[in-house]
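Peer 1: I have a structure I would like to understand better, so I am pasting it below and will then ask my questions one at a time.
The values are calculated or read from the model by the stated rules, or taken from the named source; none is laboratory data. The model shown is predicted, which means the values in this text are computed figures rather than measured ones. Here the Cβ positions follow ideal geometry from the backbone for every residue, glycine too, while neighbour counts run over all protein chains shown.
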Amino acid sequence: MRRYNFGATILGTIAAAFIASSGGDARADVKAYSWVPQDQKEFISSPEYIKTVALSGAPMQIWEALEHGERVECLDCIPVVAPLLYSENAQNREIAAWWLRRRIIGVFGNAANGSPLVYRQTLSTLASDSNPTWRAYAASAIGEFLVADGISPLAHALTHDSDATVRQYAANALGRINDDGGGALGQAMSDSDANVRIAALTSAGRINAFTDVVAVTKTLSDSSAIVRRRAAMLLDQMHAHDAGPALLQLAKHDPDVDVRIAACHALGSIGDGGAKTALMAISANDSSSLVRDVAAIAVLEL
């Protein structure tokens, strides 16, 4: 477990007034809702409950405690929740980052003595920790923090880290922040690791202003069928007319059925009229009935 050196949406307007000392939470308990079973009433997590669950709770219990403690101010909870950013459980990491990013004081910037707080420590972990698992989890946390300061460190990790998992997590995190890292995602589409290429394509599809059609088109000849399919889907999403010829080659000749389906769909969606004759032939002759059906639908869209 990592160590740190730094010292909810309210689900019921009356819930915060009722703190159950035995359970460490507060549950609405008014006559108007007396018919609701006690374990189904909304509650606000108390600071002690958050700390107790963060230290030893099961993933679903941790999620519940932090979600119901969204607006609970508890500086003492921060050093207890922060190690969850490096939990082996992905749900723990996600909800911990979600909760922490709502605490401006105690998470962002530096402490009074100048020591870095959670966010700065996470950036440092990504940049220099010797453990690639910690670097990967740090990249994920930076993406969940949704702070623009994280874009450059993530882009650097994506293009320079020696570990493929770290690069994959960095690509995912850039998509979460809605930024291509100054072209880092396009560059990562030619990464040596297929999972990184897939992550880069997937994140590019989540970014509103991504326009690097050239980088995506190059991946249509990738050795991985998953990469080729994801590239065809992204070009479809981007309405990339210039990619029509390359998509047509996939639709006609790719050995993978799912890739041919994605390529046919993209040609119809993009509206590439020059592909109509070839699509008609595919709709009549492809070995897969699914490909034939998609090609026939694409023809109707042209």
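Peer 1: State which residue is modelled with the highest pLDDT when the search covers only region 187-237 and only residues that are farther than 27 Å from Asp163 by Cβ and in a loop (DSSP other than H, G, I, E, B).
Peer 2: In this case the residue turns out to be Thr211.
Peer 1: Please give the number of the condition Ala136 fails out of (1) within 17 Å of the chain's Cα centre (by Cα); (2) more than 24 Å from Arg102 (Cβ to Cβ); (3) outside any loop (DSSP other than H, G, I, E, B); (4) among the small types (Gly, Ala, Ser).
Peer 2: (2)
Peer 1: Just the residues that are surrounded by 15 or more Cβ atoms within 10 Å (Cβ to Cβ) and under 26 Å from the mean Cα position of the chain (by Cα), please, taken from region 238-260.
Peer 2: Hits for region 238-260 are Met238, Ala240, Asp258, Val259.
Peer 1: Do any helices (runs of 4 or more DSSP H) entirely within region 238-286 hold 1 or more residues that are under 22 Å from Ser223 (Cα atoms), and if so, which?
Peer 2: 244-253, 257-270
Peer 1: Picking from Glu88, Glu144, which residue would you name as being closer than 29 Å to Val72 by Cα, touching a helix residue (DSSP H, G or I) at 6+ places or on another chain (Cβ under 7 Å) and modelled with pLDDT of 95 or more?
Peer 2: Glu144
Peer 1: To continue, here is another question. Please tell me if Ala127 is within 20 Å of Val80 (Cβ to Cβ) and among the small types (Gly, Ala, Ser).
Peer 2: So Ala127 does not fit the description; no.
Peer 1: When you scan region 176-202, how many residues do you find that are within 16 Å of Ser152 (Cα to Cα) and of a type in the set (S, T, N, Q)?
Peer 2: So the count comes out to 2.
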